Amino acid sequence: MKFSEYIAADKIKWGGSKGLFFLPQYKFVFLKRKCEYWRLKNKLIFIFWRLIYQRYKIKYLMDIPAKTIIGQGFKIEHIGGIVINPKVILGENVTILNNVLIGMEKRGKRAGNPTIGNRVYIASGVVIVGKIKIGDNVLIAANSFVNFDVPDNSIVIGKTIVANKNATKNYI
């Protein structure tokens, strides 16, 4: 997929293109996309965008590495406190709120990084760790700790999984 297609999908997710650069969340995602695009095409241009992106990572207190794979339609609802491991894979149309950690488990049977599906809504204060798979159309409620696989069409509340075909309706 081309850079312009990712940006177009992100703009749709944000509800249009008017005044998006005034939103720090969108500006952050746009700079992340620039880094993704130039990372393999031109090292010099990548370094330029990476330096700008690094500044915004510090400014907005977020740590989403430039090499993290994120599908189109990515949205950050509230700025700050988001930490994502560089080896995590996020699907399309993922929405994240503030104070979210998506990271690696270093030992045990779940050693590794999460893979997150499409149309996933991750609320504030969520921690997702380990080599687990979060399915498509999943809502993870606030302050949940997820270190287990989550099937498609589910709502996670704490450590409880509730099946729901409309889990992300009106959220995504």
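How much of the DSSP beta bridge set in the chain is antiparallel, as a percent to the nearest 5?
15
Under a cut-off of 13 Å between alpha-carbon atoms, report the aspartates and glutamates in cross-link reach of Lys165, not counting same-chain residues fewer than 8 places apart.
Asp136, Asp152
Taking the Cβ of Ile82 as the centre, find all other residues whose Cβ is under 15 Å away and add up their charges (Lys, Arg: +1; Asp, Glu: -1). Could you put the intermediate results ahead of the total?
Numbers: positive: Lys27, Lys32, Lys57, Lys59, Lys75; negative: Asp63, Glu77.
Every neighbour counted, the sum reads +3.
Full extension from Ile58 to Lys131: what is 0.36 nm times the residue separation minus their Cα-Cα distance, to one decimal in nm?
Numbers: separation 73, 0.36 × 73 = 26.28 nm, distance 2.77 nm.
The Ile58-Lys131 span can extend by a further 23.5 nm.
Around Asn137, under 11 Å between beta carbons, what's the net of Lys plus Arg minus Asp minus Glu among the other residues?
Result for the neighbourhood of Asn137: +1.
If you add up the charges near Ala8, with Lys and Arg at +1 and Asp and Glu at -1, over every other residue whose beta carbon is less than 15 angstrom from its beta carbon, what do you get? Mind dumping the intermediate values first?
Values: positive: Lys2, Lys11, Lys13, Lys18, Arg33, Lys34, Lys75; negative: Glu5, Asp10, Glu36, Glu92.
Net charge in that neighbourhood comes out at +3.
Quote the FRET efficiency, to the nearest 0.05, computed for Phe21 versus Ala111 with a Förster distance R0 of 45 Å and r equal to the Cβ-Cβ distance.
After rounding, the FRET efficiency stands at 0.65.
Within a 10 angstrom radius of the beta carbon, how do Asp136, Asp63 rank from fewest other beta carbons to most? Don't jump to the answer; show the numbers that get you there.
Numbers: Asp136 18, Asp63 15.
Exposure proxy ranking, most exposed first: Asp63, Asp136.
Candidates (i) 26, 18, 14; (ii) 22, 21, 16; (iii) 39, 18, 15; which is the computed semi-axes √(5λ) of the Cα gyration tensor in Å?
Of the labelled values, this structure produces (i).
When the chain is fully extended, how far beyond the present Cα-Cα distance does Thr160 get from Ile12, taking 0.36 nm per residue of separation? Please report the intermediate quantities before stating the final value.
Details: separation 148, 0.36 × 148 = 53.28 nm, distance 3.22 nm.
Full extension of this stretch gives 50.1 nm more.
Could you list Ser17, Ser124, Ser144 in order of exposure, starting from the residue whose Cβ has the fewest other Cβ atoms within 10 Å?
Ser17, Ser124, Ser144
Would you calculate a helix-derived [θ] at 222 nm for the chain, using -39,500 (n - 2.57) for each DSSP H run of n ≥ 4 and dividing by the full residue count, to the nearest 500?
Roughly -8500 deg cm²/dmol at 222 nm, from the helical runs in the chain.
Can you list the lysines whose alpha carbon is less than 23 Å from that of Lys43, not counting same-chain residues fewer than 8 positions off?
Lys43 reaches Lys2, Lys27, Lys32, Lys34, Lys57, Lys67, Lys87.
Find how many whole Å separate the alpha carbon centroid of segment 143-167 from the alpha carbon centroid of segment 103-119.
Segment 103-119 and segment 143-167 have Cα centres spaced 15 Å from each other.
Using Cβ counts within 10 Å as a stand-in for footprinting exposure, how do Lys75, Lys109 rank, fewest first?
Fewest-to-most Cβ neighbours within 10 Å comes out as Lys109, Lys75.
Have a look at Gly125, Gly16, Gly135 and tell me which one the Gaussian network model of the chain (Cα, springs below 10 Å) gives the largest fluctuation.
The residue with the greatest mean-square fluctuation here is Gly16.
Laboratory data are not the source of any read-out in this text; all were calculated from the coordinates shown. In this text, all values refer to a predicted model and were calculated from it rather than measured experimentally. Glycine gets a Cβ as well: all are built from the backbone with ideal geometry, and neighbour counts include every protein chain shown.
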